[in-house]
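> Sharing a structure with you now.
What follows is calculated from the coordinates using simple rules that are stated; it is not laboratory data. From a predicted model like this one, the values you see are computed outputs, not experimental measurements. Note that we place each Cβ from the backbone using ideal geometry, even for glycine, and neighbour counts take in every protein chain shown.
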Ligand code: TLP
């Protein structure tokens with residue numbers, strides 16, 4: 001049975017153009033900096049983000065961890081969102097690997113961190129206190145509904161960062177979704193951020209990898225961090241070839257995913273027993289809950305749907321995330337809602 005896999009946009013497979021480019025890729029040893037395809041990918045990424053340099057890394061997690069290692073010293077503090085990937089979904093890497101502690105702040109409804117709350121969380125200069133070194137945001141913000149954050153907010157945050165000598169890191173795993181949804185350029189999404197990590201292997205469909213962008217010194221340090229994390233790959237051009245297509249040809253298609261997410265949210269909104277979470281379908285994600293009147297647990301619903309060929313991401317006892325992507329069309333969206341309706345009929 002062909003599954004309708006709405007668990008994540010990470011399930012996307014490389015396109016035929018990507019597979020062809022991968023087969024033909026010109027390669028070299030990237031630990032020596034000699035892989036022409038990796039170098040080309042990095043040049044494209046730095047151009048797109050308006051940064052001096054870029055580094056191809058194995059994953060979004062590696063991008064954030066390498067950025068943390070490159071920006072901080074042991075004992076530093078990072079201000080970040082309570083629901084951010086860097087805080088919740090990376091096994092506490094900032095503490096475990098960088099010796100840095102998080103100062104998590106609850107996000108506002110729109111995925112931003114309140115500027116005044118950030119300002120009051122910055123440690124004062126005192127021998128007792130850790131040094132607040134970095135403020136990290138996420139755009140789009142996954143757990144806040146895949147919500148895109150406006151360049152106006154990021155500009156304001158940049159001013160705060162400059163005022164207090166903080167480094168601004170952007171987890172831009174899905175920053176091309178943000179750019180598409182807001183109708184702005186990737187450079188505007190990056191704005192004053194000192195570093196940005198972009199995933200190639202989500203809605204952009206590359207099989208592997210992310211690019212971390214920033215100034216030359218930062219990328220030099222991040223490159224060392226990547227090596228100690230075991231991410232110094234050799235003939236990585238075979239993978240980077242797909243990444244080049246991801247960055248140059250795939251951003252234009254993300255709007256289709258957003259339209260399908262809107263369709264999904266509209267249809268789900270008509271199903272008795274389901275309530276949509278805030279910000280649903282602002283890009284390619286729809287978060288929703290089963291109402292108290294639904295007799296089945298989230299696990300039961302998830303299992304029944306799987307048997308009918310629909311996969312959803314179970315994110316809480318009765319909460320789900322559905323993510324639209326290249327492998328999902330409007331018919332699949334309609335089919336998945338039809339199956340869900342049957343499963344939870346109350
Ligand atoms: N997100 C995955 C899961 O890890 C939750 C998903 O299915 O959404 N930043 C953000 C904002 C992410 O959503 C993710 C992956 C990452 C970083 C990490 O990327 P990878 O999986 O490449 O390490």
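> Cα atoms only, the chain: Rg and Dmax in Å?
When restricted to the Cα atoms of the chain, Rg and Dmax are 20.4, 62 Å.
> If I build a Gaussian network model for the chain, linking alpha-carbon pairs within less than 10 angstrom, which residue out of 235, 307, 101 has the largest mean-square fluctuation?
Result for the chain, Cα springs under 10 Å: 307 fluctuates most.
> Cα extents of the range 191-331 along the three principal axes, largest first, in whole Å?
Computed over the Cα atoms, the extents are 56, 33, 31 Å.
> If you don't mind, there's one more thing I want to ask. Rank-order 116-128, 4-16 by packing density, defined as the average count of other C-beta atoms within 10 Å over each peptide's residues, highest first.
4-16, 116-128
> Give me the percent relative contact order of the chain, please, defined on Cα pairs under 8 angstrom at least 6 residues apart. Don't jump to the answer; show the numbers that get you there.
Details: 749 pairs, mean separation 85.7, N = 346.
Taking the mean separation of contacting Cα pairs over the length of the chain, I get 25 percent.
> Let me ask another. Ranked by Cβ crowding within 10 angstrom, fewest neighbours first, how are 32, 153 ordered? Write down the numbers at each step before the final one.
Numbers: 32 9, 153 18.
Ascending Cβ contact count within 10 Å gives the list 32, 153.
> Starting with the fewest neighbours, write out 85, 71 ranked by other beta-carbon atoms found within 10 Å of each beta-carbon.
85, 71
> Average the reciprocal distances over every distinct pair of alpha-carbons in the range 1-81, invert the result, and give the Kirkwood radius in Å.
Computed over Cα pairs of the range 1-81, the Kirkwood hydrodynamic radius comes out at 16.0 Å.
> Right, next: Once you keep just the Cα pairs under 8 angstrom separated by 6 or more residues, what percentage relative contact order results for the range 253-343?
Result for the range 253-343 is 32 percent.
> Also, quick follow-up: Antiparallel versus total DSSP beta bridges in the chain: what percent is that, nearest 5?
Bridges in the chain that DSSP calls antiparallel: roughly 55 percent.
> Turning to a different aspect of this structure: Relative contact order for the range 172-292: what is it in percent, counting Cα pairs under 8 Å that are at least 6 residues apart? Each step should come with its number before you reach the end.
On the way: 143 pairs, mean separation 27.4, N = 121.
Once divided by the residue count of the range 172-292, the mean separation gives 23 percent.
> Take the alpha carbon atoms of the range 69-112, find their center, do the same for the range 184-204, and report the distance between the two centers in whole angstrom.
The distance from the Cα centre of the range 69-112 to that of the range 184-204 comes to 19 Å.
> What share of Cα pairs, in percent, lie more than 19 angstrom apart in the range 253-343?
Of the Cα pairs, 31 percent sit more than 19 Å apart.
> Now for a separate question. What order do you get for 152, 324 when you list them from fewest to most C-beta neighbours inside 10 Å?
By the 10 Å Cβ count, ascending, the order reads 152, 324.
> For the peptides 165-178, 330-343, what is the packing order when you average, over each peptide's residues, the other Cβ atoms within 10 Å and list the highest mean first?
Listed from highest to lowest mean packing, they are 165-178, 330-343.
> Still on this structure: Just how far, in whole angstrom, is the range 229-306 from the range 140-158 if you go by their alpha carbon centroids?
What the calculation gives is 18 Å, centre to centre.
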